1. Return a yes/no flag: does the range 232-240 have any residue that is within 28 Å of Asp200 (Cα to Cα), crowded, with 20+ Cβ neighbours inside 10 Å and modelled with pLDDT of 95 or more.
2. Which members of the range 200-223 meet the condition of being in contact (Cβ under 8 Å) with a residue 60 or more places away in the chain, buried (at least 18 other Cβ atoms within 10 Å of the Cβ) and over 21 Å from His82 (Cβ atoms)?
3. Out of everything in the range 1-55 that is touching a strand residue (DSSP E or B) at 6+ places or on another chain (Cβ under 9 Å), acidic (Asp, Glu) and in a helix (DSSP H, G or I), what residue ends up being nearest to Ala110 (Cα to Cα)?
4. Output yes when any residue across the range 206-216 is modelled with pLDDT under 95, in the same structural domain as Val242 (by TED's automatic domain parsing), over 29 Å from Thr41 (Cα atoms) and within 17 Å of the chain's Cα centre (by Cα), and no when none is.
5. Do you know which residues across the range 70-85 are among the polar types (S, T, N, Q) and either over 27 Å from Gln23 (Cα atoms) or in a loop (DSSP other than H, G, I, E, B) (or both)?
6. Considering (1) at pLDDT 95 or above; (2) surrounded by fewer than 20 Cβ atoms within 10 Å (Cβ to Cβ); (3) more than 25 Å from Arg290 (Cα to Cα), say which one Trp180 fails and leave the rest.
7. May I ask you to list pairs of residues, at least six apart or on different chains, whose Cβ atoms are under 6 Å apart, with the first in the range 292-307 being over 17 Å from Tyr256 (Cα atoms) and the second being at pLDDT 95 or above?
Amino acid sequence: MTKIETLTVPPTDAEVDTWWAVQVSAHATDTAALPDVPAPTRAETAGRLRVPSGRGRFAHWAQADGEGHASLLLFTEEGNTHTAFLDELTVRPDSRRRGVGSALWERVRAELIDQGRTSVSTVADTGGPAQAFLEAAGFVNVLPMAWYVQELGEDPAAEADPDVSGYELLTWAGLVPDAWAPAAAAAHGAMEDAPSGDGDERFTAWTPERVHAAQRLVLDRGGKLLMVAAVTAAGEIAAYTVLVLPDPDGTRALQYDTVVVPAHRGRGLGRAVKLRMRAEAAVRYPALRRIGTTVADENTPMLAVNEALGYRRERGAAVFRLTL
């Protein structure tokens with residue numbers, strides 16, 4: 001029988017090392033045809049395991065012999081205590097098809113039921129072992145999407161000043177300044193109309209405190225964060241984009257939210273903030289080579305912006321959901 005153990009809180013160095021070794025092994029097999037997709041670094045893994053999320057409570061489990069592990073985020077925020085997010089379920093390639101993944105999933109499922117959760121969602125690449133496992137467990141693809149990657153150019157400064165007449169482009173490293181946090185929270189609310197598929201997670205209002213908490217989580221986990229905003233003379237954030245380096249020494253960054261407030265759409269602001277971000281990132285992080293992001297298949301406006309900026313499709317992915 002496969003023995004599943006709960007990780008220490010916080011996890012020990014040995015537990016982090018074992019968890020990371022499973023991730024690296026699985027990554028080498030599952031992305032063998034995609035050499036530009038980086039494996040998680042140990043610093044990134046340690047940060048995710050040791051720094052709690054402000055949105056809920058994490059539970060981490062590992063197979064006793066280091067053959068696999070699972071991580072579950074149980075939301076505690078108002079409006080989402082009925083659901084959860086399966087952050088990871090990974091099995092070492094040489095231990096697959098031996099019941100390890102099934103045992104981990106049964107432990108996760110038992111926790112979901114014990115906590116009264118009626119659904120759980122996750123994000124996974126499509127067309128590979130992750131999708132097959134999830135569908136066998138009853139998960140359904142509720143939001144098709146894909147990963148897109150942009151290579152940093154030789155001369156990013158050449159496109160650093162797009163035409164944004166009537167707006168000023170501001171760049172903030174780390175936490176958004178206190179004076180701009182209310183405007184950032186208001187702008188984030190524009191994401192409520194972004195494609196979300198048939199998901200069960202409810203949109204909750206953003207506040208300045210929540211903005212800072214989300215940004216602080218990135219920093220506390222050892223990452224770096226950069227935000228570019230198009231602002232008005234009245235102090236409104238009309239558009240913004242956020243770049244995260246999970247590991248500051250890594251060569252690939254992640255494009256997080258890109259938002260254009262409805263009243264300011266159709267003026268090229270999405271393209272403008274992304275262009276400025278690319279230029280700023282190249283200058284601030286010389287080791288950076290690529291920026292990756294996910295876009296839902298139905299989000300045609302953002303797909304068009306990314307295509308104009310030179311993003312290429314890398315691999316398919318999706319949000320999968322299971323009703324318990």
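The values are calculated or read from the model by the stated rules, or taken from the named source; none is laboratory data. None of these values were measured; they are calculated from a predicted model. Please note: Cβ atoms are built from the backbone with ideal geometry, for glycine as well, and neighbour counts cover all protein chains shown.
1. We begin by selecting, within the range 232-240, every residue within 28 Å of Asp200 (Cα to Cα); these are 239-240.
Now restrict to residues that are crowded, with 20+ Cβ neighbours inside 10 Å: 239-240.
Of the ones still in play, those that are also modelled with pLDDT of 95 or more are 239-240.
Within the range 232-240 (the criterion being within 28 Å of Asp200 (Cα to Cα), crowded, with 20+ Cβ neighbours inside 10 Å and modelled with pLDDT of 95 or more), the answer is yes, since at least one residue qualifies.
2. Ala214, Leu217, Arg221, Gly222, Gly223
3. Glu15
4. No, that holds for no residue.
5. Scanning the range 70-85 gives Thr76, Asn80, Thr81, Thr83.
6. (2)
7. Partner pairs satisfying both residue conditions: none exist.
Per-residue answers, yes or no, for (1) out of contact with any His (no Cβ under 7 Å at 6 or more places or on another chain); (2) surrounded by fewer than 20 Cβ atoms within 10 Å (Cβ to Cβ); (3) in contact (Cβ under 8 Å) with a residue 40 or more places away in the chain; (4) of a type in the set (D, E, K, R):
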| position | (1), (2), (3), (4) |
| --- | --- |
| Trp61 | no, yes, yes, no |
| Gly66 | yes, yes, yes, no |
| Thr83 | yes, no, yes, no |
| Arg92 | yes, no, yes, yes |
| Gly101 | yes, no, no, no |
| Ala110 | yes, yes, no, no |
| Asp114 | yes, yes, no, yes |
| Val123 | yes, yes, yes, no |
